[in-house]
Amino acid sequence: MINQDELTAVILSGGRSSRLQGKDKGLILLNDKPLIAHVVDVVKHQVGTVLISANRNIQAYRQFGEVVEDDMLDFQGPLAGIASALKIAKTPYLLIWPCDAPYIHKITIDRLIDAMDNNDNDICVAYDGLRIHPTMALIKVSLQDNLLDFLMTGERKLGLWIKGNDFIKVDLSDELKIFVNLNSPEDFRTQV
């Protein structure tokens, strides 16, 4: 059984937030609390270490966990943040979650962990019944070199990297609220 001390989480907060006029998405308030806090408040009880992948407002993010910045310049996407987290993770497993999906809950994480525990796959990725959600996954830290090799090819698509590895879909179609993703001002207005 995978235990808490074997898990590191990385909360992806390093994007440009172009649909939010460049506002730092993880720090935007949802119900009087920064978006990232919604995720961290759940994740911190199930992992040994919380990492925050961020490329700006570093001081603000430090209150939520250890901040890791991308090694690659110019907002190269979630894979760059994951690669940086893999370099410093001291556990066998890395839980990946985006800051803009605030409805994560314990059951979600438990099911990803159970899938990893009961299968011999390198990646367990959330599946909504129609498609996978690559930024919601549990991966083996041993994939670090594999990911770096992938990045060296110039590719930046997280889903493509996942599909090129030994992965399993974790059916979370009965938990559709976790897939709500807040990317625009309209998205935030509908959640209040």
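Points worth noting:
- Shown for ARG111, ARG56, ARG131: other C-beta atoms within 10 Å of each C-beta, ranked fewest to most, produce the order ARG131, ARG56, ARG111.
- Lysines whose Cα lies under 23 Å from that of LYS90, excluding same-chain neighbours fewer than 8 positions away: LYS44, LYS106, LYS140
- Once C-alpha pairs closer than 8 Å and six or more residues apart are averaged by separation and normalised to the residue number of the chain, the relative contact order reads 25 percent.
- Residue-wise HN-Hα coupling along the range 164-173, computed from phi with Karplus coefficients 6.51, -1.76, 1.60 (Hz; x: Gly, Pro): x, 10, 7, 10, 10, 7, 9, 5, 10, 5
- Fewest-first ranking of LYS25, LYS169, LYS106, using other Cβ atoms within 10 Å as the exposure measure: LYS106, LYS169, LYS25
- Cut-off under 5 Å, modelled amide H: who pairs with VAL170 long-range: VAL125, ALA126, TYR127
- Using the rule -39500 (n - 2.57) for each DSSP H run of four or more residues, divided by the residues of the chain, the 222 nm mean residue ellipticity is -8500 deg cm²/dmol.
- Unsatisfied cross-links (Cα-Cα over 25 Å) in the set LYS23/LYS163; LYS33/LYS169; LYS23/LYS169; LYS87/LYS163: LYS23/LYS163; LYS33/LYS169; LYS23/LYS169
- In this structure, the amide hydrogen of VAL68, modeled 1.01 Å from its nitrogen in the peptide plane, lies closer than 5 angstrom to those of ILE52, SER53, ALA54, counting only residues at least 5 positions away or on a different chain.
- Footprinting exposure proxy for ILE109, ILE58 (fewest neighbouring C-beta atoms within 10 Å first): ILE58, ILE109
Read the figures in this text as sums done on the coordinates, not as results from a lab. Just so it is clear, the model here is predicted, and its values are computed rather than measured. Every residue, glycine as well, gets a Cβ built from its backbone with ideal geometry; the counts of neighbours run over all protein chains shown.
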